[in-house]
Amino acid sequence: QVQLVESGGGLVQPGGSLRLSCAASGSIFSINAMGWYRQAPGKQRELVAAITSSGSTGYTDSVKGRFTISRDNAKNTVYLQMNSLKPEDTAVYYCIIATMDYDYWGQGTQVTVSS
């Protein structure tokens, strides 16, 4: 059974950086896209960044120029480099790997931006 294991979250001061990683424990075939969502307390889950199988990327407006998504196809791993972090980036971050038949979700990792 495939599981997604996330790492890299934590507490960081405003202006700091974090790098999230999400690795699949097993083989996943027919991947359409990989991405990261986040959910802040009292808010709906929102798509932060996504990368397709061809390498095209997309970002929500609030993180453009600060976050970078990348992937390692051989390792079925997706990364999110987060720079210039702001308090409003505080949330639980979830990775997703979307295939033709199923969406796999990570367990979530807490990111807290605070001085």
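The values are calculated or read from the model by the stated rules, or taken from the named source; none is laboratory data. Everything quoted here is computed from the prediction, not taken from an experiment. Note that each Cβ is placed from the backbone with ideal geometry, even for glycine, and that neighbours are counted across all protein chains shown. With ligands, DNA and RNA removed, areas are computed over all heavy atoms of the protein, side chains included. Shrake-Rupley method; radii C 1.70, N 1.55, O 1.52, S 1.80 Å.
Table: residues versus (1) in a strand (DSSP E or B); (2) within 16 Å of Lys86 (Cβ to Cβ); (3) of a type outside the set (Phe, Trp, Tyr).
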site	(1), (2), (3)
Gly16	no, yes, yes
Gly26	no, no, yes
Leu47	yes, no, yes
Ile51	yes, no, yes
Gly55	no, no, yes
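Val5 meets all of the listed conditions (1) open to solvent by less than 70 Å² (accessible area, probe 1.4 Å); (2) farther than 18 Å from Ser114 by Cβ; (3) touching a residue at least 40 places away in the same chain (Cβ under 8 Å) but one, namely (1).
The set of residues in the range 63-91 being farther than 15 Å from Arg19 by Cβ, open to solvent by less than 60 Å² (accessible area, probe 1.4 Å) and not aliphatic (A, V, I, L, M) consists of Asn76, Thr90. Of the residues making up the range 37-54, those that are open to solvent by less than 40 Å² (accessible area, probe 1.4 Å) and among the small types (Gly, Ala, Ser) are Ala40, Ala49, Ala50. When Tyr59 is tested against (1) open to solvent by 40 Å² or more (accessible area, probe 1.4 Å); (2) in contact (Cβ under 8 Å) with a residue 24 or more places away in the chain, just one condition goes unmet, and that condition is (2).
Scanning the range 57-115 for residues that are closer than 15 Å to Arg45 by Cβ, outside any loop (DSSP other than H, G, I, E, B) and hydroxyl-bearing (Ser, Thr, Tyr) yields Ser62, Tyr93, Tyr94, Thr109. Considering only residues in the range 22-32 that are under 15 Å from the mean Cα position of the chain (by Cα) and open to solvent by less than 30 Å² (accessible area, probe 1.4 Å), the one that is modelled with the lowest pLDDT turns out to be Ala24.
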